[in-house]
1. Go through (1) within 30 Å of residue 230 (Cβ to Cβ); (2) not in a loop (DSSP other than H, G, I, E, B) for residue 277 and report which single condition fails.
2. Can you run down the residue pairs with Cβ atoms below 9 Å, 6 or more apart or on separate chains, where the first is in the stretch 328-339 and farther than 15 Å from residue 308 by Cβ and the partner is of a type outside the set (Asp, Glu) and assigned to a helix (DSSP H, G or I)?
3. Out of (1) charged (D, E, K, R); (2) over 27 Å from residue 407 (Cα atoms); (3) out of contact with any Pro (no Cβ under 8 Å at 6 or more places or on another chain); (4) touching a residue at least 60 places away in the same chain (Cβ under 8 Å), the odd one out for residue 292 is which?
4. Got a sec? Which strands (runs of 3 or more DSSP E) wholly within the stretch 143-222 have at least 2 residues that are hydrophobic (A, V, I, L, M, F, W, C) and touching a residue at least 40 places away in the same chain (Cβ under 8 Å)?
5. Kindly evaluate residue 320 against the criterion of being loosely packed, with under 14 Cβ neighbours inside 10 Å and either in contact (Cβ under 8 Å) with a residue 40 or more places away in the chain or out of contact with any Phe, Trp or Tyr (no Cβ under 8 Å at 6 or more places or on another chain) (or both).
6. Name the residue that is modelled with the lowest pLDDT, counting only residues in the stretch 116-142 that are part of a helix (DSSP H, G or I) and hydrophobic (A, V, I, L, M, F, W, C).
7. Taking the stated definitions as given, is residue 274 surrounded by fewer than 15 Cβ atoms within 10 Å (Cβ to Cβ), in contact (Cβ under 8 Å) with a residue 24 or more places away in the chain and within 30 Å of residue 134 (Cα to Cα)?
8. Filter the stretch 137-165 down to residues that are farther than 27 Å from residue 411 by Cβ and of a type in the set (Lys, Arg) and give me whichever is surrounded by the fewest Cβ atoms within 10 Å (Cβ to Cβ).
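The values are calculated or read from the model by the stated rules, or taken from the named source; none is laboratory data. Since the structure is predicted, the reported quantities are computational estimates derived from the model, not experimental observations. Cβ coordinates were reconstructed from backbone atoms using ideal geometry, including for glycine residues, and neighbour counts include every protein chain displayed.
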Amino acid sequence: MKTESEKLSPTRVKLTVEVPFDELKPAVEAATKKIADQVQIPGFRKGKVPSKLVEQRFGRPAIMQEAVNDALPDFYQQAAAEAELKPVGRPEVEVTEIPGLDGTEDGELRFTVEQDVRPEIALPDFASYEVEIEEPEVDEDAVEVRLTELRERFGTLVGVDRPAEDGDFVSLDMVATIDDEEIESVEGVSYRIGEGNMLEGLDEALIGLSAEETTTFVSKLAGGDRAGEEAQVKVTAQSVKVRELPEADDEFAEMASEFDTIDELKADLKEQAAKDAEGNRVALARNALLEKLLEELEIPVPEQLVEDEIASHLENEGKEAGDPHGEEIREDTEKAVRAQFLLDEINGTRQVDVDQNDLMSYMTQLSAQYGIESNQLLQMLAQSGQLEQIFAEVQRSKALDVVLADVTVKNAGGDVLDLGLKAEDEAAEDSEESEEKPAKKAPAKKAAAKKAEETDAAADAEAEEKPAKKAPAKKAPAKRAAAKKPAAKAEEKDEAEKAE
């Protein structure tokens with residue numbers, strides 16, 4: 001087989017391929033047998049029709065066309081490999097000549113392929129790169145935010161006799177209809193106004209609605225067979241509740257944590273915030289580096305690939321092709337494709353290993369983001385065929401961390417920050433040392449006791465109502481997992497057990 005490659009643009013290549021008849025002959029024999037297996041001719045058992053008779057009955061052109069259709073994908077893959085292409089998107093194939101139509105075994109199969117490819121990206125010397133980040137501050141406000149989150153866990157839902165406001169908890173019934181036909185209904189669903197994880201327009205409809213009151217609004221259905229279609233939605237508020245928080249005092253500290261005083265609890269929350277700030281510095285530096293690279297490097301993007309991504313996005317949202325929303329997301333789509341090309345290029349030039357811990361950490365972050373149990377989310381991703389995409393996302397993220405270790409990161413004051421990342425050669429040395437030395441058994445640690453009543457009162461109040469969950473998007477960006485909550489006192493657990 002002979003292959004010629006022509007570069008049409010930085011992201012598009014044309015291949016001209018010639019395949020001698022001898023290389024096509026096995027496909028012709030297979031096509032003849034395939035046709036013979038599918039037809040019934042009097043006097044012959046099925047699959048036992050002679051090749052000559054098949055050719056006489058169906059004609060040589062039909063056999064050759066079948067052979068070319070079956071063999072073309074393999075010939076294209078071989079040609080792309082010979083030309084060392086990095087294809088993206090769908091190839092456009094045109095067959096210009098088919099040999100053997102006259103019954104001879106002369107001539108060649110000729111076809112051309114136009115294919116979008118990944119652009120060539122000249123990566124910089126990362127050791128000479130410098131980025132600046134604004135360090136997150138660990139101040140009293142950060143502690144108060146964490147303390148409020150902890151108080152909310154132990155809060156109680158109390159009914160109020162007033163119209164619903166943003167942030168209130170509403171127990172609601174909903175019925176969605178299209179042309180007077182009931183499509184979907186739910187009863188007793190607990191929803192917090194402002195979360196935005198149900199139907200579009202629900203928040204606006206609930207604000208101002210008192211208990212036992214009903215209103216209607218128009219929204220596009222988010223799931224089911226009629227997803228994307230507009231429906232009339234009738235919503236009834238069964239009850240309106242607010243969350244009352246316990247006082248932040250020593251009594252609360254004893255109930256909610258392993259500490260005796262509120263000052264000790266705040267000190268621990270501040271320490272947690274400081275640890276999270278360390279991790280946030282890495283995330284900020286990673287984002288700053290990626291933004292700088294995308295701004296400074298020329299990374300062309302295939303137009304058809306962007307169009308395909310936009311079309312897929314619109315389809316997932318139940319929108320028709322050509323919807324104005326497609327133009328709204330075009331710039332972000334192009335940027336996302338450029339970032340993927342860049343990270344894949346970095347990944348191809350560095351040694352990036354992804355282990356089970358990396359994958360599980362990413363899955364934990366996703367499950368926290370969408371409020372879905374990790375194993376359930378893993379099953380959903382496996383069923384939708386997205387596990388390979390998840391692996392690629394984790395690998396890209398680690399590749400960026402590898403080069404970030406070579407980059408100088410400074411804060412707004414000009415101080416160089418140590419992010420605790422290891423350069424590629426240092427990581428390799430540590431890996432070799434760990435393989436040479438036998439692993440030492442870690443000393444056993446006493447696990448912190450958990451309070452018997454660790455489930456917060458607000459969750460207990462909501463348990464009687466059905467929780468509303470939002471299904472994950474097709475691709476989901478990674479977010480930092482929620483901070484670990486403080487453990488309860490061991491003495492209180494003992495007392496609870498005695499009481500039982």
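1. For residue 277, the failing item is (1).
2. 335/294; 338/294; 339/290; 339/293; 339/294; 339/396
3. Unmet condition: (2).
4. Details: elements: 156-159, 169-178, 181-192, 214-220.
By residue number, 156-159, 169-178, 181-192.
5. On the way: loosely packed, with under 14 Cβ neighbours inside 10 Å: yes; either in contact (Cβ under 8 Å) with a residue 40 or more places away in the chain or out of contact with any Phe, Trp or Tyr (no Cβ under 8 Å at 6 or more places or on another chain) (or both): yes.
The answer is yes for residue 320.
6. Applying the filter and picking the extreme gives 142.
7. Details: surrounded by fewer than 15 Cβ atoms within 10 Å (Cβ to Cβ): yes; in contact (Cβ under 8 Å) with a residue 24 or more places away in the chain: yes; within 30 Å of residue 134 (Cα to Cα): yes.
Yes, satisfied.
8. Restricting to residues being farther than 27 Å from residue 411 by Cβ and of a type in the set (Lys, Arg), the top hit is 162.
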